[in-house]
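The values are calculated or read from the model by the stated rules, or taken from the named source; none is laboratory data. Values in this document were obtained by computation on a predicted structure and should not be read as measured data. Here the Cβ positions follow ideal geometry from the backbone for every residue, glycine too, while neighbour counts run over all protein chains shown. SASA here: full protein model, heavy atoms, side chains in, ligands and nucleic acids out. Shrake-Rupley method; radii C 1.70, N 1.55, O 1.52, S 1.80 Å.
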Amino acid sequence: MPIVIAAAGKPRRKVRFSSNQTTKAIAQSKTSRPSVSTGSRQPSAPTAKKDSMYDPQAHPGVPALYQELPRLLDALCTETSELQSETVEKCLPFLKGIHTSQAGPFNQHGVPSLKQDDHIGYLYDSLEEYPAGFAGMDASRPWMVYWALAGLCLLGEDVTRFRERVISTFSRMQNPTGGLGGGHGQLSHCASGYAAVLSLAMVGGEEAFSLIDRDAMWRWLGKLKQPDGGFRVCEGGEEDVRGAYCSMVIIALLDLPLALPPDAEARQYGLETFASGLPEYLSRCQTFEGGISGSPGSEAHGAYAFCALACLCLLGQPDVTVSRSMDVPLLLSWLSARQYAPEGGFSGRTNKLVDGCYSHWVGSCWPLLQSTLDGVQLAADPQGSVGNLYSREGLTRYILGCCQSKHGGLRDKPGKHPDSYHTCYTLTGLSTAQHRHYHTTSSPSSNEVFASAFSWKWTPITASENAPSDQNVFDEKDRLTASHPIFVIPHAAAESMHVWCQQHPVRV
């Protein structure tokens with residue numbers, strides 16, 4: 001049997017699963033945990049470890065903040081606090097640079113290098129054949145393509161080599177009534193359409209740009225618009241900020257008419273455009289904590305916060321749209337509380353654990369809010385800045401220290417397996433920490449509404465710009481490609497698709 005060679009030019013690894021033995025071991029460890037009492041519990045203070053000359057010593061470049069437990073600990077002991085303590089204990093050896101799986105090299109800050117070749121190989125592998133056990137993810141095929149392509153773009157790879165495969169794959173998922181499903185013959189869903197459109201933008205070319213039936217897509221999206229200003233994710237599906245963000249990204253990239261189709265039900269309630277009532281709907285999703293929920297009255301969540309902020313930034317200048325719709329100081333407070341010490345990473349909700357994917361979902365909120373506070377900048381000479389609103393150093397240490405898997409790919413946290421989802425979004429968070437994005441009035445778009453969304457520029461954050469409290473702790477060779485803060489693909493890819501679609505307008 002011939003050896004299958006991945007696109008990276010190496011013998012392709014099989015997609016890895018945890019073995020049955022590992023699964024059983026995990027199940028046994030869960031059942032062997034002491035049950036949580038419903039009565040009062042005695043707080044369990046962290047056990048102090050005696051120093052020993054034989055204990056591995058932390059790398060000298062790692063500050064004390066990333067070596068120690070928090071100084072202030074809640075005296076109330078709960079299952080949540082125990083899980084948090086367990087997570088910190090798992091992360092500390094990686095943050096110190098002393099875990100046995102870390103072979104180095106480490107830089108002067110005690111941070112390991114980005115294993116770019118291993119991650120590139122992992123993502124190329126993820127675009128090849130999958131075992132039968134992945135059949136349950138058939139409806140996520142557009143996402144699996146997007147995560148791999150976006151990750152490869154961040155790592156500087158040319159993904160246009162996949163153009164024919166991407167076109168062939170998505171042409172079978174497009175429905176004649178508009179939109180794309182997650183697999184062949186499946187119901188159209190705005191999340192599937194979002195991932196497919198972004199993937200087509202990344203591979204580029206007229207054949208990819210023209211694949212989508214834009215007239216049918218426009219009419220189908222009109223069926224998702226709701227009387228309260230929001231969007232359903234599919235016909236008859238739930239309404240939440242995911243639907244709003246995915247729909248508005250599709251409309252902007254494909255330069256679809258902003259006016260609702262004549263037969264859109266939302267027109268019967270006085271709405272005339274896809275943007276009608278949308279800022280007000282998103283505003284109602286901000287909770288008492290300051291975060292943003294998936295729908296009014298639900299729990300605040302980091303991913304929904306990004307979707308809502310990015311949606312507002314699609315509709316105009318952030319200093320206008322975000323400030324008008326959100327309580328920005330309260331939102332800043334909630335987002336700030338998502339970054340933990342000593343881990344340095346982000347959690348998605350209050351009292352939850354850090355997770356590598358929130359390096360994007362929470363981390364990518366920061367450039368949108370920073371631009372909200374900074375206002376419009378000159379494209380060639382950005383000036384005023386409120387400075388970093390979060391610890392770039394902490395996030396970088398968590399990603400490079402705790403999230404890199406030994407054989408390629410990135411993960412949620414130590415003890416978890418890597419996958420293309422976490423690889424994509426953890427790398428996106430690292431890229432965001434390495435670049436400053438700012439909003440300008442210079443745009444390649446002639447669309448009056450969406451010109452603002454394509455006016456974002458970026459500049460690398462260099463060592464000379466560092467504040468003493470938030471320095472670059474990554475090596476220059478580990479700098480990633482900049483990703484558009486709204487579309488989460490390379491800037492050039494987003495602009496190319498939008499400009500082509502403007503040159504070939506939808507006739508309605």
- request: Could you check how many residues of the range 201-238 are at positive phi, touching a residue at least 40 places away in the same chain (Cβ under 8 Å) and out of contact with any Phe, Trp or Tyr (no Cβ under 8 Å at 6 or more places or on another chain)?
  value: 2
- line: Output for Cβ contacts, cut-off 7 Å, separation at least six or different chains, first residue touching a residue at least 40 places away in the same chain (Cβ under 8 Å) in the range 334-347, second among the basic types (Lys, Arg), reads 344/397; 346/338; 347/338
task: Among the residues of the range 322-376, write down those that are farther than 19 Å from residue 66 by Cα, open to solvent by 40 Å² or more (accessible area, probe 1.4 Å) and polar (S, T, N, Q).
output: 323, 333, 350, 351
- prompt: Can we say residue 424 is surrounded by 24 or more Cβ atoms within 10 Å (Cβ to Cβ) and out of contact with any strand residue (DSSP E or B) (no Cβ under 8 Å at 6 or more places or on another chain)?
  reply: yes
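For (1) farther than 29 Å from residue 398 by Cβ; (2) buried (at least 17 other Cβ atoms within 10 Å of the Cβ), each residue gets a yes or a no:
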residue: 71; (1), (2): no, no
residue: 80; (1), (2): no, no
residue: 96; (1), (2): no, yes
residue: 101; (1), (2): no, no
residue: 180; (1), (2): yes, yes
query: Given 142, 112, which one is open to solvent by less than 50 Å² (accessible area, probe 1.4 Å) and within 30 Å of residue 340 (Cα to Cα)?
result: 112
message: Restricting to the range 145-177, name every residue that is of a type in the set (Val, Ile, Thr) and open to solvent by less than 30 Å² (accessible area, probe 1.4 Å).
response: 145, 159, 166, 167
- prompt: Exactly one of (1) of a type in the set (Ser, Thr, Tyr); (2) in a loop (DSSP other than H, G, I, E, B); (3) open to solvent by 40 Å² or more (accessible area, probe 1.4 Å) is unmet by residue 496. Its number?
  reply: (2)
- request: Enumerate the pairs (first residue in the range 91-114 and in contact (Cβ under 8 Å) with a residue 12 or more places away in the chain and among the β-branched types (Val, Ile, Thr); second residue anywhere and crowded, with 20+ Cβ neighbours inside 10 Å and in a loop (DSSP other than H, G, I, E, B)) with beta-carbon separation below 8 Å, excluding pairs fewer than 6 apart on the same chain, so at least 6 apart or on different chains.
  value: 98/59; 111/97; 111/473; 111/474
field: Conditions (1) buried (at least 21 other Cβ atoms within 10 Å of the Cβ); (2) under 18 Å from residue 486 (Cα atoms): number failed by residue 405
entry: (2)
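Results for (1) without any contact (Cβ under 8 Å) to a residue 24 or more places away in the chain; (2) more than 27 Å from residue 399 (Cβ to Cβ), shown as yes or no for each residue.
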{"residue": "427", "(1), (2)": "no, no"}
{"residue": "431", "(1), (2)": "no, no"}
{"residue": "452", "(1), (2)": "no, yes"}
{"residue": "459", "(1), (2)": "no, no"}
{"residue": "463", "(1), (2)": "yes, no"}
{"residue": "479", "(1), (2)": "no, no"}
- prompt: So, in the range 274-288, of the ones that are under 12 Å from residue 231 (Cα atoms) and more than 23 Å from the chain's Cα centre (by Cα), which residue ends up least open to solvent (accessible area, probe 1.4 Å)?
  reply: 274
In the range 239-250, the residues that are free of Cβ contacts under 8 Å to residues at least 60 places away in the same chain and either outside any helix (DSSP H, G or I) or surrounded by fewer than 24 Cβ atoms within 10 Å (Cβ to Cβ) (or both): 239
